[in-house]
Amino acid sequence: KADQTILMSQMTDRDFSATPITVAPASGSGSPVVLESRTPNVCAAEAFIISMRDSGVCSITASVAEGRNHNAAPSIIRSFEIRAVVPFAPAITSVAPSDTTVTVTFTPGLSGGAAITTYRYSVDDGVRWTDLPDGTISSPIVIGNLPNDVEAKVRIMAVNRIGNGARSNMKAATPVARKSMVWVT
């Protein structure tokens with residue numbers, strides 16, 4: 001049987017992204033190359049597509065199995081650094097008003113490769129921002145101490161160790177006082 005080799009370019013370090021990386025490994029014999037992530041918490045490999053999951057070192061193994069006329073190729077490893085960036089924008093799906101509060105339901109954006117530590121909110125369409133307590137990282141969030149009968153134009157953003165993320169879409173709601181029931185006799 002003949003020996004075979006794998007040809008695959010070195011990979012460059014890059015910022016965390018939602019856009020997958022397409023690679024083009026080849027074997028000297030034309031046999032199929034199989035990619036596998038050695039760091040599945042950082043990146044995933046499917047076919048010739050590498051998707052980022054977190055920041056850190058992404059290591060990919062390329063291998064070619066033994067064939068009828070060829071020995072298995074020696075596996076090669078390609079590694080590159082994924083650098084964390086600020087979080088991607090969350091998407092507000094609803095803002096429900098109550099007495100001096102609004103409840104914000106949202107879908108988080110990607111973390112940017114670093115854990116989200118908290119969220120910030122604005123009730124004036126992004127002019128001023130207020131930090132929620134550290135550890136506030138899941139939907140829904142309740143924003144309180146708002147004046148009743150004044151429209152709140154709500155935006156949120158995620159925060160990670162790199163910094164403030166992109167702003168969400170804006171949704172408006174007007175907190176209203178609870179109605180007291182009056183019994184007529």
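The values are calculated or read from the model by the stated rules, or taken from the named source; none is laboratory data. Worth saying up front: this structure is predicted, and the values here are computed from it rather than measured. With ideal geometry, Cβ positions are generated from the backbone for all residues, glycine too; neighbour counts draw on all protein chains shown. Please note that ligands, DNA and RNA were not included when accessible areas were found on the heavy atoms of the full protein model with its side chains. Shrake-Rupley method; radii C 1.70, N 1.55, O 1.52, S 1.80 Å.
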Mean separation of Cα contacts under 8 Å (6+ apart) over length of segment 17-112, as relative contact order %: 21
For segment 127-132, 3J(HN,Hα) per residue [Karplus equation, 6.51 cos²θ - 1.76 cosθ + 1.60, θ = phi - 60°, Hz, x = Gly/Pro]: 6, 10, 10, 10, 7, 7
Point-charge dipole on Cβ atoms (K/R +1, D/E -1) for the chain, about Cα centre, debye to 20: 120
Report ³J(HN,Hα) in whole Hz for each residue of segment 134-141, in order, from the Karplus equation J = 6.51 cos²θ - 1.76 cosθ + 1.60 where θ = phi - 60°; Gly and Pro get x. 3, x, 7, 10, 10, 8, x, 10
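How charged is the neighbourhood of S122? Take every other residue with its Cβ under 10 Å from the Cβ of S122, and add Lys/Arg as +1 and Asp/Glu as -1. Walk me through the numbers on the way to the answer.
Values: positive: R120, R128, K153, R155, R167; negative: D124, D125.
Result for the local shell: +3.
Counting only protein heavy atoms and using a 1.4 Å probe, what share of the accessible area of the chain belongs to carbon plus sulfur, as a whole percent? Present the calculation step by step, with values, prior to reporting the outcome.
Numbers: 5490 of 10480 Å².
Within the chain, the accessible surface is 52 percent carbon and sulfur.
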Along segment 13-25, what does the Karplus equation 6.51 cos²θ - 1.76 cosθ + 1.60 (θ = phi - 60°) give for ³J(HN,Hα), rounded to whole Hz, x for Gly and Pro? 4, 7, 7, 4, 8, 7, 7, x, 9, 9, 10, 9, x
Which of the following values of Rg/Rh (Cα atoms, Kirkwood Rh) was calculated from the structure shown: [x] 1.01; [y] 1.27; [z] 0.99? [y]
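Excluding P40 itself, calculate the net charge of residues whose Cβ lies under 12 Å from the Cβ of P40, where each Lys or Arg counts +1 and each Asp or Glu counts -1. Don't jump to the answer; show the numbers that get you there.
Details: positive: R38, R53; negative: E36, E46, D54.
Net local charge, P40 excluded: -1.
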Please give the net charge around V159, taking every other residue with its beta carbon less than 14 angstrom from that of V159, where Lys and Arg add +1 and Asp and Glu add -1. +2
Work from the charge dipole of the chain (Cβ charges, +1 for Lys and Arg, -1 for Asp and Glu, about the Cα centre) and give the residue of V159, A172, L35 farthest towards its positive end. A172
Taking every DSSP beta bridge with both residues inside the chain, roughly what % is antiparallel (nearest 5)? 90
Under 5 Å between amide H atoms, partner at least 5 residues away or on a different chain: which partners does L7 have, H built in plane at 1.01 Å? A26, S27, G28
Find how many whole Å separate the alpha carbon centroid of segment 70-102 from the alpha carbon centroid of segment 16-61. 16
Taking 7 Å along the Cα-to-C-beta vector as the label spot, tell me the T118-A96 distance in nanometres, rounded to one decimal. 2.6
